[in-house]
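J.: First, the structure itself, so that you have it in front of you.
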Amino acid sequence: MTTAINIGTHMASTTPHKYSVLLPTYNERENLPIITWMLVKAFKDYELDFEIIIIDDASPDGTLEVAKQLQKAFGEDKIVLRPRAGKLGLGTAYVHGIQNATGDFVFIMDADMSHHPKFIPEFIRKQKEGNYDVVTGTRYALGGSVHGWDLRRKLTSRVANFLADTLLTPGVSDLTGSFRLYKKDALAAMIRATKSKGYVFQMEMMVRARQMNFNIGEVPITFVDRVFGESKLGPDEIVGYLKGLWALFLDI
């Protein structure tokens, strides 16, 4: 099909890879059906093998029940449910997810539709272009953008990235972003070396990647604020980020 050729010459036939998508969820019952449909469509349009692993942390809004219905609709081979007993943190959610991933490449992204699956072909194209171990989405390089945030949220993100870049010099333009494509083996190695469990987890992953001499590519993305539900970012998360940033600075 012509869409497959747009990424690379007959992408499906020349790229016999499987892509696992890790989707940690907490109170995402309204967003989950939409993002799942969009992901399935994106992979099927480009004839790519995939699975979506949903890691729900006992959401009180019934997210897991919605996930079970999605599994019935799309199949157990495409929608893999790996729920946990409680809200245990983003970092441990990815650890749990990768233990169940069967793909040789792993996407991590948010389930609230702030990361649009339309960028998935760009990530794959970039990875093939440089055989990168990690391809990270960036809001702050040429071509990237943020929509739906007020000035306070934009300043918070900019300041967080500035502080991290100044203290850690990771060599990427969007250190706090969470839309990424990893080689599975590289991701497993980084997770083993990473100590953070909360919002600092994403940042530390890039620092560890540089320490381990993994190759990192960047893809400009458009980040859109969530439509349904509430942001998980509050004062406690900001304080935790600052503490984690300082601890990481002392550790490297």
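The values are calculated or read from the model by the stated rules, or taken from the named source; none is laboratory data. This structure is a prediction, so every number in the text was calculated from the model and none was measured. With ideal geometry, Cβ positions are generated from the backbone for all residues, glycine too; neighbour counts draw on all protein chains shown. Note: areas computed on protein heavy atoms with side chains; ligands, DNA, RNA excluded. Shrake-Rupley method; radii C 1.70, N 1.55, O 1.52, S 1.80 Å.
J.: Being hydrophobic (A, V, I, L, M, F, W, C), over 24 Å from Lys195 (Cα atoms) and within 13 Å of the chain's Cα centre (by Cα), is that true of even one residue in segment 105-113?
T.: Let us first name the residues in segment 105-113 that are hydrophobic (A, V, I, L, M, F, W, C), namely 105-109, 111, 113.
From what's left, over 24 Å from Lys195 (Cα atoms): 113.
Add one more test, that the residue is within 13 Å of the chain's Cα centre (by Cα), and what stays is 113.
Checked against the condition, which is being hydrophobic (A, V, I, L, M, F, W, C), over 24 Å from Lys195 (Cα atoms) and within 13 Å of the chain's Cα centre (by Cα), segment 105-113 yields at least one hit.
J.: Next question. Looking for something within 28 Å of Thr194 (Cβ to Cβ), open to solvent by 10 Å² or more (accessible area, probe 1.4 Å) and among the β-branched types (Val, Ile, Thr) - is there at least one such residue anywhere in segment 74-90? Write out each step before concluding.
T.: Within segment 74-90, the subset within 28 Å of Thr194 (Cβ to Cβ) is 79-90.
This time we only want the ones that are open to solvent by 10 Å² or more (accessible area, probe 1.4 Å), so: 80-90.
Then keep just the ones that are among the β-branched types (Val, Ile, Thr); that gives 80.
Taking every residue of segment 74-90 in turn, at least one turns out to be within 28 Å of Thr194 (Cβ to Cβ), open to solvent by 10 Å² or more (accessible area, probe 1.4 Å) and among the β-branched types (Val, Ile, Thr).
J.: State all residues of segment 82-106 that are in contact with a strand residue (DSSP E or B) (Cβ under 7 Å, 6 or more places away or on another chain) and either more than 23 Å from His17 (Cβ to Cβ) or at pLDDT below 95 (or both); if no residue qualifies, say none. Before you say what the answer is, go through the steps one by one.
T.: Residues of segment 82-106 that are in contact with a strand residue (DSSP E or B) (Cβ under 7 Å, 6 or more places away or on another chain), as a first pass: 82-84, 90, 93-94, 96-98, 100-106.
The answer is Pro83, Arg84, Leu90, Ala93, Tyr94, His96, Gly97, Ile98, Asn100.
J.: Select from segment 99-122 the residues that are aliphatic (A, V, I, L, M) and in contact with a Ser or Thr (Cβ under 8 Å, 6 or more places away or on another chain) and write down the one among them that is surrounded by the most Cβ atoms within 10 Å (Cβ to Cβ). Before the answer, list the steps.
T.: Taking segment 99-122 first, the residues aliphatic (A, V, I, L, M) are 101, 106, 108-109, 111, 113, 120.
With in contact with a Ser or Thr (Cβ under 8 Å, 6 or more places away or on another chain) added as a condition, the list becomes 101, 106, 108-109, 111.
Values: Ala101: 23, Val106: 24, Ile108: 24, Met109: 26, Ala111: 28.
Only one residue fits best here, namely Ala111.
J.: Tell me the residue from Phe201, Phe162 that is at pLDDT below 90, open to solvent by less than 10 Å² (accessible area, probe 1.4 Å) and over 19 Å from Ile120 (Cβ atoms), please. Working first, answer last.
T.: Details: Phe162 fails: open to solvent by less than 10 Å² (accessible area, probe 1.4 Å).
Checking each option against the conditions leaves just Phe201.
J.: Right, next: Does segment 141-155 contain any residue that is open to solvent by less than 30 Å² (accessible area, probe 1.4 Å), touching a residue at least 60 places away in the same chain (Cβ under 8 Å), over 15 Å from the mean Cα position of the chain (by Cα) and under 24 Å from Ile54 (Cα atoms)?
T.: no
J.: Whether any residue in segment 76-92 is of a type in the set (Asp, Glu), within 20 Å of the chain's Cα centre (by Cα) and closer than 24 Å to Tyr182 by Cβ is what I want to check. Step through it out loud before you land on a result.
T.: Residues of segment 76-92 of a type in the set (Asp, Glu): 76-77.
Applying the additional criterion that residues be within 20 Å of the chain's Cα centre (by Cα) yields none.
The answer is no; no qualifying residue exists.
J.: Tell me which residues, restricted to segment 39-66, are within 26 Å of Ile124 (Cα to Cα), assigned to a helix (DSSP H, G or I) and open to solvent by less than 20 Å² (accessible area, probe 1.4 Å).
T.: Leu39, Val40, Ala42, Phe43, listed by residue number.
J.: Let me confirm something: among Leu248, Leu181, which residue is at pLDDT 85 or above and open to solvent by less than 10 Å² (accessible area, probe 1.4 Å)? Before you say what the answer is, go through the steps one by one.
T.: Numbers: Leu248 fails: at pLDDT 85 or above.
After ruling out the rest, the residue left standing is Leu181.
J.: Right, Lys243: modelled with pLDDT under 90, within 26 Å of Pro60 (Cβ to Cβ) and open to solvent by 60 Å² or more (accessible area, probe 1.4 Å) or not? Full working, then the answer.
T.: Details: modelled with pLDDT under 90: yes; within 26 Å of Pro60 (Cβ to Cβ): no; open to solvent by 60 Å² or more (accessible area, probe 1.4 Å): yes.
Considered against the rule, which asks whether it is modelled with pLDDT under 90, within 26 Å of Pro60 (Cβ to Cβ) and open to solvent by 60 Å² or more (accessible area, probe 1.4 Å), Lys243 comes out as no.
J.: For segment 184-195, name all the residues that are more than 18 Å from Ser20 (Cβ to Cβ) and open to solvent by 20 Å² or more (accessible area, probe 1.4 Å). Explain how you work it out, then say what you get.
T.: Of segment 184-195, the ones more than 18 Å from Ser20 (Cβ to Cβ) are 193-195.
Within segment 184-195, Ala193, Lys195 meet the criteria.
J.: Taking the criterion of being β-branched (Val, Ile, Thr) and either in contact with a strand residue (DSSP E or B) (Cβ under 6 Å, 6 or more places away or on another chain) or at pLDDT below 95 (or both), would at least one residue in segment 110-133 satisfy it? Lay out the reasoning, then the answer.
T.: The initial filter retains those residues of segment 110-133 that are β-branched (Val, Ile, Thr), namely 120, 124.
Pick out the ones that are also either in contact with a strand residue (DSSP E or B) (Cβ under 6 Å, 6 or more places away or on another chain) or at pLDDT below 95 (or both) and you get none.
Within segment 110-133, not a single residue is β-branched (Val, Ile, Thr) and either in contact with a strand residue (DSSP E or B) (Cβ under 6 Å, 6 or more places away or on another chain) or at pLDDT below 95 (or both).
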